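Right, one structure below, let's go through it.
Coordinate-derived values only; no laboratory data. These figures come from a predicted structure and were not determined experimentally. Every residue, glycine as well, gets a Cβ built from its backbone with ideal geometry; the counts of neighbours run over all protein chains shown.
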Amino acid sequence: MAESKNTIVHSPLELKGLAKYLSLTCHRALERGVWTFCELGIADIMADYQAPITAKQLSQLNGNTWNAEFLYRLLRVIADVDIVKEIINNGNDNEDSNRKSCPEETVQYQLTDDGLLLTSNHSSRARDMIRLDLGPHADKVSTYLPSLIKFGYKNGNGFEQVFGCSLFEYMQKEENKEYANIFDNSMVAYSNLVTSSIVSLIDFTRFNKLVDVAGGLGTLLSSILEKHPNLQGILFDLPHVIDNAKTLDPNEFQQKQVESTRYEFAAGDMFKSETLPSADAYLLKYIIHDWNDEKAVEILQSIRNANKDQIEKTITVFIVEMVILSNRKDNWETHALDLEMLCGVSSKERNLFEYISLLNKSGYELKDLHKTQGIMSIIEAVTTTSN
Ligand SMILES: C[S@@+](CC[C@H](N)C(=O)[O-])C[C@H]1O[C@@H](n2cnc3c(N)ncnc32)[C@H](O)[C@@H]1O
């Protein structure tokens, strides 16, 4: 290889011609490998072993009788993406001689720092993010994109066509509890990516009570309460999610040592304003993008209605989303994830004008747009209840 690893262009976004398509294909295969590594819980096994290990040894741990050669071929890919590291020497200076025959018995592997993130109990929840987004549910749903482009939602979105109900209905069913847990954990991973920029960008000291609407397990709300000691918080979500959030031991608030008098859990349906707690501030992170315009307006109106008994009360809403920004060079991640919203939940990623239109239809005004360093933006909007 003439060039050093850092100077080679690997991204299909930058490659030209046939190489672009080869790169896309290779990335797809790489993703399959990473998903398999997560699905089989290999990071847990390697972390428990606490020493470099060959594929052959690994294949026989925990009573398993895995195919050692295939496992070696998987680990070789996982090493390319720096999730495990190869220890080639193994008492032998010649790299090639280690691989000459039975490399599954000679090449050792150990987890890198990034590999540790993929252990089941790691607070990043990266393992479940990969299991959700690169797993078979997501795969099956995405194959409906061509038919959705041809026929629209005539037969339902991709998720509905595969599973016979919407994603959120599916996750409320007892038999899909494991998938719902993976989903909730995966949302923690996404929150972990953006929590610190949200907490540092917004000053919440001007509020008394903040409700995180459909706030998942409470990762973001607990971090905001940790930083703002005079703020009260309510974590609101569907009953099965609130049950999960409450039973985590320790829960997200306890992990950050937020006093138990400063937070509450509330189960309900955000489309039913009578179940939504009243407050002076609300967070909606990755919520509006899950719904079409009509439903998005209903959510925003539901928040207003939850406060309708209070005359001329000003309510602030923070909408945290990957807003498509016109002056931004690379919206590619948001554009790509928009296709997932199209297939999975009949919704979309929006630009600022589309968000402003939703706000105006629901009786809100845009107050500010806070941009984070990454792809997330925070739309701050206000409304005043009528008398
Ligand atoms: C994409 S997740 C976002 C979770 C969290 N806000 C975050 O950013 O990590 C969407 C959330 O909406 C919740 N949800 C869906 N329908 C809901 C409803 N009708 N009422 C309340 N929550 C709902 C789901 O349970 C899920 O936690």
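Residue check, Asn360 against (1) more than 27 Å from the chain's Cα centre (by Cα); (2) on the phi < 0 side of the Ramachandran plot; (3) in contact (Cβ under 8 Å) with a residue 24 or more places away in the chain, all met but one. Which one?
With respect to (1) more than 27 Å from the chain's Cα centre (by Cα); (2) on the phi < 0 side of the Ramachandran plot; (3) in contact (Cβ under 8 Å) with a residue 24 or more places away in the chain, Asn360 is out only on (3).
Quickly run through segment 244-263 and pick out the residues that are hydroxyl-bearing (Ser, Thr, Tyr) and crowded, with 20+ Cβ neighbours inside 10 Å.
Tyr263
Of all residues being part of a helix (DSSP H, G or I) and either of a type in the set (Val, Ile, Thr) or touching a Gly at 6+ places or on another chain (Cβ under 7 Å) (or both) in segment 244-275, which is farthest from the ligand (Cβ to nearest atom)? Just the residue, please.
Among residues in segment 244-275 that are part of a helix (DSSP H, G or I) and either of a type in the set (Val, Ile, Thr) or touching a Gly at 6+ places or on another chain (Cβ under 7 Å) (or both), the one farthest from the ligand (Cβ to nearest atom) is Thr261.
Can you work out which of the residues in segment 227-243 that are crowded, with 20+ Cβ neighbours inside 10 Å and part of a helix (DSSP H, G or I) is nearest to the ligand (Cβ to nearest atom)?
Val241
Residues that are polar (S, T, N, Q), under 15 Å from Phe207 (Cβ atoms) and either in contact with a helix residue (DSSP H, G or I) (Cβ under 7 Å, 6 or more places away or on another chain) or touching a residue at least 40 places away in the same chain (Cβ under 8 Å) (or both): does segment 286-294 have at least one?
Scanning segment 286-294, I find no residue that is polar (S, T, N, Q), under 15 Å from Phe207 (Cβ atoms) and either in contact with a helix residue (DSSP H, G or I) (Cβ under 7 Å, 6 or more places away or on another chain) or touching a residue at least 40 places away in the same chain (Cβ under 8 Å) (or both), so the answer is no.
What number of residues in segment 190-205 are over 23 Å from Ala126 (Cβ atoms) and either in contact (Cβ under 8 Å) with a residue 60 or more places away in the chain or within 13 Å of the ligand (Cβ to nearest atom) (or both)?
Final tally of qualifying residues: 3.
So Ser278 fits all but one of (1) more than 15 Å from the ligand (Cβ to nearest atom); (2) closer than 21 Å to Thr384 by Cα; (3) out of contact with any Asp or Glu (no Cβ under 8 Å at 6 or more places or on another chain); what number is the exception?
(3)
Residue by residue through segment 206-221, note down the ones that are near the ligand (Cβ under 10 Å from one of its atoms) and in a loop (DSSP other than H, G, I, E, B).
Those that are near the ligand (Cβ under 10 Å from one of its atoms) and in a loop (DSSP other than H, G, I, E, B): Ala214, Gly215, Gly216, Leu217, Gly218.
Given Ile315, Ile319, which one is of a type in the set (A, V, I, L, M), within 28 Å of Lys371 (Cα to Cα) and within 15 Å of the ligand (Cβ to nearest atom)?
Ile319
Kindly list, by first and then second residue, each pair from a residue in segment 172-189 that is closer than 17 Å to Ala267 by Cα to a residue that is not small (Gly, Ala, Ser), limited to pairs with Cβ atoms under 7 Å and residues at least 6 apart or on different chains.
Gln172/Leu238; Gln172/His240; Ala180/Met171; Ala180/His240; Asn181/Asn244; Asp184/Leu217; Asp184/Val241; Asp184/Asn244
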